[in-house]
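Take a look at the structure set out below.
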Amino acid sequence: MEKRSLISYGKKTDQAMKTWVQIVKTYNRFATQEIKYFSEHNLTFIQFKVLEVLYHRGDLSIGAITKFTMSTPGNITVVVKNLKRDGWITAIPNPEDKRGSILSISQKGRDKMKSLFPQHAKNIHDYMDVLNEEELDTLYTLLRKVYKA
């Protein structure tokens with residue numbers, strides 16, 4: 001039996017809040033499973049995100065990585081330092097800004113992503129497998145519409 005709040009903020013607001021809770025619960029479920037998967041490969045979630053961005057987009061500045069990973073500059077700085085220390089990425093001088101550097105995934109990082117990413121993609125596929133292609137397209141379109149509003 002569904003529990004209902006004794007207080008209503010209006011039908012659409014109640015529905016929006018209920019939908020928000022479902023989005024968060026779904027994200028948390030997926031993230032928890034993926035965090036466990038990454039930790040089995042000695043990576044944190046954010047380390048994986050940095051490696052994934054460099055693996056798929058190529059060399060980038062720390063600012064671009066911060067934007068793509070939706071992280072904070074302080075957090076990315078620590079993550080990048082640790083990834084460089086462990087040999088997953090390298091830094092090269094930025095020819096456009098001598099104060100900064102461009103980050104590049106190392107061969108060690110590339111090899112890790114080649115072995116790790118296919119299973120990650122399969123995991124995401126499996127989480128969404130309950131939806132058919134049309135439902136998946138609809139979900140994507142609706143979430144993108146909300147994001148851009």
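The values are calculated or read from the model by the stated rules, or taken from the named source; none is laboratory data. In this text, all values refer to a predicted model and were calculated from it rather than measured experimentally. Ideal geometry is used to build each Cβ from the backbone, glycine not excepted, and the neighbour counts take in all protein chains shown.
Could you tell me whether any residue of region 67-78 is among the polar types (S, T, N, Q), free of Cβ contacts under 8 Å to residues at least 12 places away in the same chain and buried (at least 16 other Cβ atoms within 10 Å of the Cβ)?
No - not one qualifying residue is present in region 67-78.
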Checklist entry - Is it fair to say residue 6 is of a type in the set (A, V, I, L, M) and loosely packed, with under 10 Cβ neighbours inside 10 Å? => result yes
Checklist entry - Of all residues in region 98-121 being touching a strand residue (DSSP E or B) at 6+ places or on another chain (Cβ under 8 Å) and part of a loop (DSSP other than H, G, I, E, B), which is farthest from residue 61 (Cα to Cα)? => result 106
Item to check | Candidate set from region 102-141 (those that are exposed (fewer than 11 other Cβ atoms within 10 Å of the Cβ) and hydrophobic (A, V, I, L, M, F, W, C)); member that is farthest from residue 82 (Cα to Cα) | outcome: 130
Next on the checklist: Testing residue 89 on (1) modelled with pLDDT of 95 or more; (2) surrounded by fewer than 19 Cβ atoms within 10 Å (Cβ to Cβ); (3) more than 16 Å from the chain's Cα centre (by Cα), one condition comes back false. Which one is that?
Outcome noted: (2)
